[in-house]
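Chemist: Please see the structure below; I have some questions.
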Amino acid sequence: MKTKSALLAALLFCSNAAGADPQPTDLISVDVQKVVVGLDEPWSIAFLTDDDVLITERAGRLLHVVGTEVSEIAGVRAVFGQGQGGLFDVVLARDYAQSHELLLSYAEPREGGAGTALAIAKLDLAAKRLTDFKVIYRMNTTSPRDIHFGGRVVEAPDGTLLLTNGERGNGDLAQDMQADNGKVIRINRDGSIPPDNPFVGGGGLPEVWSLGHRNPQGAALDAKGRFWLVEHGAMGGDEINHPEAGKNYGWPIITFGLNYNGNKIGVGTEAPGLEQPAFYWDPSIAPSGMMIYSGKLIPQWQGNIFVGSLKFDMISRLEINGDTASEVERLFQDQYIRIRDIREAPDGSIWFLSVGDGAAYRISPLP
């Protein structure tokens, strides 16, 4: 069995030359550089600077990678590391430079199994540890099942937090207003409920922002500050949605997907009072991390959505058209295995995590 020190020693921060891989795309040729290797099921990445990063691994490690130095950050709570459960997102608070606070979402082991949780903590880089770790949200249900946790978190323009919850394999709970399953949750950074949430005082759970989601594993804001997410559907029903306050996105009443035995789900693809997806994939791509690009370094991609695919080992590039989207290109098909997260660095380069390669890659334009 490898020790923690041996595992960390196995990680390398590669030189640019060693990891260079020129790649053509529809609009521009780019260089894809392997910058970190030796990762064990990486899930999320956050940037302290352009090449000073935090990476979560699903089993529960939070890593700090800068230059050739790789360190594990202590102070992460125990996670439910079974099936799809584990340590999920790491997101720096918008005021990180002053507060040193970051957000961590994870599958929390609890009585009855596990539920998605969100914590806030301060990062002490000198000591390589988290301090003032505080759980600010716990899913109000638990399940022994190890699927459909969701787990992406976004800080909205007003400073509130939007967290995606999967339905934990129980689709009916995505429509149950007494369960957090299959919902987008909106809370303040101290865990309190914003008074303008759509269901405050209305008989449902006051933390709920939108409902009828299956398993949203990617989320991002566009240039206008609008919230978008991508979620796993059933067979042929992976979706991009643009959730708005109080709206119902249909799962499992409506879907473009089928059960894995080919049987119909729900009433069909539409019903009164239920929202249509902004886009859906058929066949399913098993989407994961999601980014909406600023165009800072590659203007040709400004405003585009990028979604990693766990199934087809590619990045889907989509254009936004008002409240809908359309896929325009599939990048790097079958070249990088199980793409889990995709993020924009401060300099405008695009990084993605490959679970199968155990690596982080950086995309930048060729001269």
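Chemist: What residue, among those in the range 160-219 that are of a type in the set (Ser, Thr, Tyr) and buried (at least 24 other Cβ atoms within 10 Å of the Cβ), is nearest to the chain's Cα centre (by Cα)?
Modeler: Among residues in the range 160-219 that are of a type in the set (Ser, Thr, Tyr) and buried (at least 24 other Cβ atoms within 10 Å of the Cβ), the one nearest to the chain's Cα centre (by Cα) is Thr164.
Chemist: Filter the range 220-242 down to residues that are part of a loop (DSSP other than H, G, I, E, B) and in contact (Cβ under 8 Å) with a residue 60 or more places away in the chain, then give me how many there are.
Modeler: 4
Chemist: Specify which of the listed residues (Pro367, Pro299, Pro283, Pro346) is over 23 Å from Glu244 (Cβ atoms), open to solvent by 50 Å² or more (accessible area, probe 1.4 Å) and modelled with pLDDT under 95.
Modeler: None of the other options fit; the residue is Pro367.
Chemist: Still on this structure: Could you please give the count of residues in the range 326-367 that are among the β-branched types (Val, Ile, Thr) and closer than 21 Å to Ala223 by Cα?
Modeler: 4
Chemist: Among Asp95, Asp50, Asp89, Asp40, which is the only one that is under 14 Å from Leu353 (Cα atoms), among the acidic types (Asp, Glu) and surrounded by fewer than 17 Cβ atoms within 10 Å (Cβ to Cβ)?
Modeler: Answer to the selection: Asp40.
Chemist: Report whether or not Ser29 is crowded, with 21+ Cβ neighbours inside 10 Å, farther than 19 Å from Ser354 by Cα and not β-branched (Val, Ile, Thr).
Modeler: The answer is no for Ser29.
Chemist: A further question follows. Name the single residue, out of those in the range 286-296 being in a strand (DSSP E or B) and among the small types (Gly, Ala, Ser), that is surrounded by the most Cβ atoms within 10 Å (Cβ to Cβ).
Modeler: Out of the qualifying residues, it is Gly289.
Chemist: List every residue pair whose Cβ atoms lie under 8 Å apart, where the two residues are 6 or more positions apart in sequence or sit on different chains, the first residue falls within the range 267-278 and is free of Cβ contacts under 8 Å to residues at least 60 places away in the same chain, and the second residue, located anywhere, is acidic (Asp, Glu) and outside any strand (DSSP E or B).
Modeler: These pairs meet every condition: Gln276/Glu270; Ala278/Asp323.
Chemist: Taking strands (runs of 3 or more DSSP E) that fall entirely within the range 102-203, which contain at least 1 residues that are of a type in the set (D, E, K, R) and in contact with a Ser or Thr (Cβ under 9 Å, 6 or more places away or on another chain)?
Modeler: 113-124, 129-138, 150-155, 183-187
Chemist: Conditions: (1) of a type in the set (Gly, Ala, Ser); (2) over 30 Å from Ala59 (Cβ atoms); (3) surrounded by fewer than 19 Cβ atoms within 10 Å (Cβ to Cβ). Ala325 meets all but one. Number of the miss?
Modeler: Failed condition: (3).
Chemist: If a residue must be within 19 Å of Ile55 (Cα to Cα) and among the basic types (Lys, Arg), how many such residues does the range 79-120 contain?
Modeler: 1
Chemist: Which condition number does Asp222 fail, the rest of (1) in contact with a Ser or Thr (Cβ under 6 Å, 6 or more places away or on another chain); (2) over 15 Å from Glu275 (Cα atoms); (3) among the acidic types (Asp, Glu) being met?
Modeler: Status for Asp222: all satisfied but (1).
Yes or no, residue by residue, for (1) in contact with a strand residue (DSSP E or B) (Cβ under 8 Å, 6 or more places away or on another chain); (2) in a strand (DSSP E or B); (3) small (Gly, Ala, Ser):
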residue: Glu244; (1), (2), (3): yes, no, no
residue: Gly250; (1), (2), (3): no, no, yes
residue: Gln300; (1), (2), (3): no, no, no
residue: Asp313; (1), (2), (3): yes, no, no
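Chemist: Can you give me the number of residues within the range 53-86 that are under 18 Å from the mean Cα position of the chain (by Cα), among the aliphatic types (A, V, I, L, M) and open to solvent by 40 Å² or more (accessible area, probe 1.4 Å)?
Modeler: Residues in the range 53-86 being under 18 Å from the mean Cα position of the chain (by Cα), among the aliphatic types (A, V, I, L, M) and open to solvent by 40 Å² or more (accessible area, probe 1.4 Å): 1 in total.
Chemist: Can you confirm whether the range 313-333 contains a residue that is without any contact (Cβ under 8 Å) to a residue 24 or more places away in the chain and farther than 30 Å from Asp21 by Cα?
Modeler: yes
Chemist: Under 6 Å by Cβ, and 6 or more places apart or on different chains, what pairs join a residue from the range 61-86 that is over 30 Å from Glu167 (Cβ atoms) with one that is of a type in the set (Ser, Thr, Tyr)?
Modeler: Qualifying pairs under 6 Å: His64/Ser71.
The values are calculated or read from the model by the stated rules, or taken from the named source; none is laboratory data. Predicted, not measured: the structure shown is a model, and the values here were computed from it. So basically every Cβ, Gly included, is an ideal-geometry build from the backbone, and we count neighbours across all protein chains shown. We work out accessible area using only protein heavy atoms, side chains counted, and drop any ligands, DNA or RNA first. Shrake-Rupley method; radii C 1.70, N 1.55, O 1.52, S 1.80 Å.
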